[in-house]
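Q: Before anything else, here's the structure in question.
The values are calculated or read from the model by the stated rules, or taken from the named source; none is laboratory data. What you see is a predicted model; the values in this text were computed from it and never measured. For neighbour counting, all protein chains shown are included, and Cβ atoms are generated from backbone atoms with ideal geometry for every residue, glycine included. Note: accessible area is taken over every heavy atom of the protein model, side chains too, but ligands, DNA and RNA are not part of it. Shrake-Rupley method; radii C 1.70, N 1.55, O 1.52, S 1.80 Å.
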Amino acid sequence: MNAPALNNDAFQFVATFLRERSGLSLTDDKLYLLESRLQPIARTQGLKDIAELIAKLRVKGLSPSVEIEIIEAMTTNESMFFRDTSPFDHFSKVMMPKFHARGTQSPVRIWSAACSTGQEPYSLAMTFLEAAGKYPGLACDILGTDIAEKVLHRAREGQYTQFEVQRGLPIAMLLKYFRQSPDNHWEVSTPLKNMVRFDSVNLLAPFQGLGMFDVIFCRNVLIYFDEKTKTAVLERMADILSPEGFLVLGSAETVLGLTKRFAPCDDARGVFVRT
Ligand SMILES: C[S@@+](CC[C@H](N)C(=O)[O-])C[C@H]1O[C@@H](n2cnc3c(N)ncnc32)[C@H](O)[C@@H]1O
């Protein structure tokens, strides 16, 4: 049986809760998403439906861990290796030579913000290793972060199903950088795993303690935020990007009309430089 529709008041309450805690901008047409994703939580909490769950949320009757479960359930964690290909080509063909020319005294610092289950930072690590021979002495330091602990756990484990490795990962890279586990999963090899650190970072919170980066990949997450939130996140990213640093967004995302702190790279869609 379908859950009864939420009244507008309850919908607005949960939409505000999600916007304030994760940046998610929930429009009225996403009611079905709310119902399908929160219904299982209502059930495990022994509640009749999501209306009851939201009523409890409203009176602060849910534990912090259930509140986090609600936020995580509403995130979209879709990812794949070498998603859209061109940003990774740009990284090895344009960014790496540029950083090599700058000097190799410090590693290239790369942040995969909103990295989900880790395919993006591991793709960056593989891209780096494949090109590194041309840039002697160049090292990199890759940080993958996300708001959701459940995806970070998977990213740290570095285990992927056959279906996941078939999406975007060339077979030569699979054989070179992964090993097959007895249960038919593919696990990221130890040297690759050691190149990436994972941590929990909410893009709405201050970026204190992260340090400065040379490259920020922030792909396919800003699309879920409203304009004001997108601008605020982008401006705080500009503050921690080195002067000649690069920002890489998803193919449907841009800085244009949001901030003047970045300019598009002429030769690559979704790649921006700090102004
Ligand atoms: C669609 S995935 C994108 C993964 C990867 N960047 C890619 O392009 O394949 C979006 C990720 O953003 C994360 N996310 C959503 N809101 C966030 C926030 N406020 N702070 C950090 N991560 C967030 C979600 O948990 C999810 O894993």
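Q: Can you tell me the length gained on complete extension of the stretch Lys30 to Asp9, counting 0.36 nm per residue apart and subtracting the Cα distance?
A: Working: separation 21, 0.36 × 21 = 7.56 nm, distance 1.50 nm.
Stretched out fully, the Lys30 to Asp9 stretch lengthens by 6.1 nm.
Q: Most mobile of Ile41, Ile70, Ile110 per a Gaussian network model of the chain (Cα springs, under 10 Å)?
A: Ile41
Q: Among the listed pairs Lys193/Lys260; Lys48/Lys150; Lys193/Lys228; Lys134/Lys230; Lys176/Lys228; Lys150/Lys176, which are separated by more than 32 Å between their Cα atoms? Don't skip to the answer; put the middle values down first.
A: Numbers: Lys193/Lys260 36 Å; Lys48/Lys150 25 Å; Lys193/Lys228 36 Å; Lys134/Lys230 36 Å; Lys176/Lys228 43 Å; Lys150/Lys176 27 Å.
Exceeds cut-off: Lys193/Lys260; Lys193/Lys228; Lys134/Lys230; Lys176/Lys228.
Q: Less than 11 Å Cβ to Cβ from Arg269, Lys/Arg counted +1 and Asp/Glu -1: what total charge do the surrounding residues give? Let's see the in-between values first.
A: Numbers: positive: none; negative: Asp84, Glu253, Asp266, Asp267.
Net charge in that neighbourhood comes out at -4.
Q: Quick one: which residues, 5+ away or cross-chain, put their amide H under 5 Å from the amide H of Gly245? H built at 1.01 Å from N.
A: HN-HN under 5 Å from Gly245: Arg274.
Q: Between Asp267 and Ser189, how high is the FRET efficiency from 1/(1 + (r/R0)^6) when r is the Cβ-Cβ distance and R₀ = 30 Å? Nearest 0.05.
A: Numbers: r = 32 Å, r/R0 = 1.08.
Plugging the Cβ-Cβ distance into 1/(1 + (r/R0)^6) gives 0.40.
Q: May I pose another question? In terms of the ratio Rg/(2.2 N^0.38 Å) built on C-alpha atoms, what value belongs to the range 186-272? Intermediate results must be reported in sequence, preceding the final value.
A: Working: Rg = 14.2 Å, N = 87, 2.2 N^0.38 = 12.0 Å.
With N residues counted in the range 186-272, Rg over 2.2 N^0.38 Å equals 1.18.
Q: Let me ask something else about it. Computing the accessible area with a 1.4 Å probe over protein heavy atoms, can you report the carbon and sulfur percentage for the chain? Provide the component values of the computation, followed by the final result.
A: On the way: 7150 of 13170 Å².
Ligands and nucleic acids excluded, carbon and sulfur reach 54 percent.
Q: Summing +1 for each Lys or Arg and -1 for each Asp or Glu, what net charge is found among the other residues whose Cβ lies under 12 Å from the Cβ of Cys140?
A: Numbers: positive: Arg109, Arg197; negative: Asp141, Asp214.
Once positives and negatives cancel, what remains is 0.
Q: Using 0.36 nm per residue of separation minus the Cα-Cα distance, give me the extension gain between Thr104 and Lys150 in nm, one decimal.
A: Working: separation 46, 0.36 × 46 = 16.56 nm, distance 3.57 nm.
Contour length minus Cα-Cα distance gives 13.0 nm.
Q: Protein chains only, probe 1.4 Å: how do Asp49, Asp28 rank by accessible area, largest first? Write down the numbers at each step before the final one.
A: Details: Asp49 15, Asp28 110 Å².
The residues order as Asp28, Asp49, largest area first.
Q: What FRET efficiency comes out for the pair Glu227/Glu157, r = Cβ-Cβ distance, R0 = 51 Å, nearest 0.05? Show your work: numbers first, answer last.
A: Details: r = 36 Å, r/R0 = 0.70.
For R0 = 51 Å, the calculated efficiency reads 0.90.
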